[in-house]
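Just so you know, all these numbers are worked out from the coordinates, no wet-lab data involved. Note that the structure is predicted; figures quoted are calculated from it, not measured. Cβ placement follows ideal geometry from the backbone for every residue including glycine, while neighbour counts extend to all protein chains displayed.
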Amino acid sequence: MRALTGPAAVISGRAAGGPRSLVLGGAVALVLAQLGFRAWAVLPSFFYLDDYRLLHEARAADLDADYAFRAYDSQFMPLGRTLAWLLSRGELIDWTWLAVSTLVMQLLASTACAVMLVVLLGWRRRVLLLLALYLSTALAVPATMWWAAAINQLPLHAAMFGAVAAWVPYLRTRRLRYLALTGVLVALGMLAYVKAVLVLVVLAWVVLAWFTTGGPVRRTARAVRRYWPAVLSGIALGGGFTAYYVTSVPQIDGGDNAAPAGALAERMLGSTLPTGLLGGPWRWDTVNPPVGLADPPLWTVHLSWVVLTVVVLYLALTRVRTLRAWSMLAAYALIAYLVLLLTRAPVVGAVSGNELRYLTDVVCVAVLALALASSELVGAPGSSEPRTSPLLLVRLRPSVVVAVALAVVASGTWSTVTYARIWHVDHPGEDYFGEAVRGTSFGPTPLADQTVPQNLVPGFLFPYNTTRLLLPMLTPRATFPEASESLHVLDESGAVHVAAVEGGIEAPAGPVAGCGYQVRDDGVTVELDGRTVGLEWWIRMEYIASADSSIRVEAGESTVDTEVLAGLGTLFVHVEGEVDSVALSGLEPGVTVCVDELEIGTPVPEDGEEEDQ
């Protein structure tokens with residue numbers, strides 16, 4: 001019987017080498033342990049920034065091609081948009097379901113990593129160490145805690161690991177079913193995140209570095225001749241996707257900002273990446289919670305470079321053909337740097353180099369590179385293997401290697417815990433909206449639309465920083481009427497307050513003694529003692545009505561039809577534009593309304609007192 005060489009070998013247990021039951025059981029235990037750990041991190045978290053916009057757009061859309069293929073900023077993400085649509089179908093959006101979707105994506109990525117390692121290395125114990133390094137790294141955590149990043153990054157992880165797991169069996173056997181599976185996985189990755197096009201670069205590197213021999217020209221010629229179906233399909237898939245992305249997806253405009261190339265390289269490649277690969281960064285800058293920026297102590301940066309250099313040199317001195325693996329990792333990290341340099345860095349600055357989510361996919365290549373540099377790749381003429389005459393007389397005991405790997409795993413776990421705790425205890429969005437939801441929990445609460453604090457959603461995301469768009473996703477009791485007998489506002493903490501109108505533009509005393517401005521069938525126009533600028537305003541009108549009646553309020557660019565109630569009352573009306581007068585009309589026949597106070601301005605908490613529900 002012909003030996004299985006692909007993913008089927010993982011399932012059947014007939015892949016070459018090692019104690020299958022131990023590795024399989026250990027891999028399942030590690031993946032499930034990580035899933036539980038991720039659940040601890042993600043479930044107590046909350047929405048952040050782009051989450052709100054993605055979900056609001058999904059609630060307002062039909063699930064069709066126009067919606068799914070609509071670019072989000074510079075991202076082409078039909079899979080993410082589809083998931084957002086599915087999770088926004090309820091009356092409210094429950095964070096728990098977003099967290100569950102993140103955990104499912106993480107499970108797929110972790111499983112794909114385990115499958116890839118077994119396909120490459122067989123059922124060897126070292127698979128568990130390599131898998132543990134991936135599962136514990138803090139480099140992937142920012143893309144897990146932030147849902148909008150997770151729907152891009154985690155499918156990319158699954159696609160990259162899965163594509164390599166299908167690609168290597170194709171290179172070993174040239175069976176087209178493995179090539180087809182590789183193409184499907186890469187295409188799915190592209191539907192999640194544009195950086196999935198780089199998976200094709202990794203696959204090309206694998207075939208040229210490990211499955212062909214000779215100089216660069218000869219390797220390329222042999223690869224084209226031997227794997228021509230893959231070459232044609234790769235050109236079609238990568239070229240077609242790139243052409244569509246360049247021509248159809250709007251790109252980020254950095255304006256006249258100069259990209260901080262040197263500072264970005266120092267932060268991203270010189271500090272964040274090396275410490276992250278060894279379990280760092282160990283310390284986080286929380287200047288913009290809940291996001292933590294890598295802030296490793298300087299001595300750990302130096303130590304990380306020393307350790308990484310020792311690892312590379314040790315493997316080079318004890319094995320042959322190891323540098324091609326590190327070259328692949330270095331090239332991929334450089335591409336990740338250039339992508340950031342040309343897109344986000346001109347807008348955000350060099351500090352983006354301390355943001356781990358721009359390096360999340362690099363960890364996938366790092367695991368692959370370490371596996372290929374330290375182990376034999378069966379069926380690959382360019383595989384690494386032990387030197388017949390080692391250039392280093394001292395060999396590390398397996399127990400030492402295991403101890404070092406476990407130290408990195410423990411370190412990465414610690415960095416993950418400290419990062420997740422920021423989202424648990426210092427999440428301004430959860431605090432603010434939690435207060436707002438509690439404040440509206442006793443019944444329908446008419447609210448004035450406001451922009452939320454800048455540290456929750458910055459102004460450049462308008463209108464997705466307004467309470468009118470955000471609160472209805474979280475509570476059914478927040479209403480935003482154009483007119484109301486009562487009005488409430490949120491303070492900086494999200495607490496609900498009875499509203500007062502502040503602005504200083506008022507109506508002078510009315511001409512009718514004991515009544516002020518008398519409104520009857522023919523209406524009346526109230527002249528104000530000033531003029532507003534062309535923004536949004538609220539009118540507060542104190543009145544006495546002889547009976548319930550409809551009433552029309554005209555001011556600036558707005559006409560609002562509402563009601564007054566018999567007796568003493570207060571009416572709040574939302575208007576827009578430049579206002580210097582207010583026209584009142586539209587009463588029922590025989591009804592008289594006396595208006596003794598009328599002012600226009602901005603709603604603010606009345607006396608700073610939180611409403612007593």
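When Leu359, Leu587 are arranged by Cβ crowding within 10 Å, least crowded first, meaning fewest neighbours, the order is Leu587, Leu359. For the pair region 486-528 and region 566-598, the centres of their Cα atoms are 8 angstrom apart. The Cα center of region 380-399 and the Cα center of region 166-208 differ in position by 29 Å. When a/c reaches 1.5 or more, the comparison of a/b and b/c decides; with that in mind, is region 113-260 rounded, prolate or oblate per its Cα gyration tensor? Because a/c hits 1.5 or more and a/b fails to exceed b/c, region 113-260 counts as oblate. Highest average first, the peptides 42-53, 158-169 ordered by how many other beta carbon atoms sit within 10 Å of their residues are 158-169, 42-53. Treating each Cα of region 25-109 as an identical point scatterer and summing with the Debye formula, the log10 of I(q)/I(0) at q = 0.14, 0.15, 0.16, 0.19 Å⁻¹ comes to -0.56, -0.62, -0.69, -0.88. Here is the short version for the chain: Cys113, Cys364 have no other Cys C-beta closer than 4.7 Å.
Note on region 111-152 and region 315-375: Cα centroid distance 15 Å, given to the nearest whole angstrom.
Computed from phi, the 3J(HN,Hα) profile of region 573-589 under the Karplus parametrisation 6.51, -1.76, 1.60 (θ = phi - 60°) reads 9, 8, 9, 10, x, 7, 10, 10, 7, 10, 9, 10, 7, x, 6, 5, x Hz, with x in place of Gly and Pro.
For region 407-418, backbone phi angles converted through the Karplus equation (6.51, -1.76, 1.60; θ = phi - 60°) give residue-by-residue couplings of 5, 5, 4, 4, 5, x, 5, 4, 4, 5, 4, 5 Hz, Gly and Pro being listed as x. Under a 5 Å amide H cut-off, with hydrogens placed 1.01 Å from N, Glu563 pairs with Ile551 among residues at least 5 apart or on other chains. Which shape class applies to region 123-183: rounded if a/c is under 1.5, otherwise prolate when a/b exceeds b/c and oblate if not, where a ≥ b ≥ c are the square roots of the Cα gyration tensor eigenvalues? Oblate. Considering all alpha-carbon pairs of region 529-613, what whole percent are spaced by more than 23 angstrom? Tail fraction, whole percent: 28.
Using amide H atoms built in the peptide plane, which far-off residues or other-chain residues are under 5 Å from Tyr72 H to H? The list, which skips near neighbours in sequence, is Met77. For Val320, the residues whose amide H sits under 5 Å from its own are Glu385, Arg387, ignoring neighbours fewer than 5 places away on the same chain, with H placed 1.01 Å from N.
Normalised by residue count, region 465-514 yields a Cα convex hull volume of 138 Å³ per residue. Kirkwood radius, region 415-542, all distinct C-alpha pairs, inverse of mean reciprocal distance: 17.6 Å. Overall, the anisotropy analysis places region 249-345 in the oblate class: the square-rooted eigenvalues a ≥ b ≥ c of its C-alpha gyration tensor yield a/c not less than 1.5, with a/b not exceeding b/c. The ellipsoid that matches the Cα gyration tensor of the chain has semi-axes, each √(5λ) in whole angstrom, of 62, 24, 21, with the longest given first.
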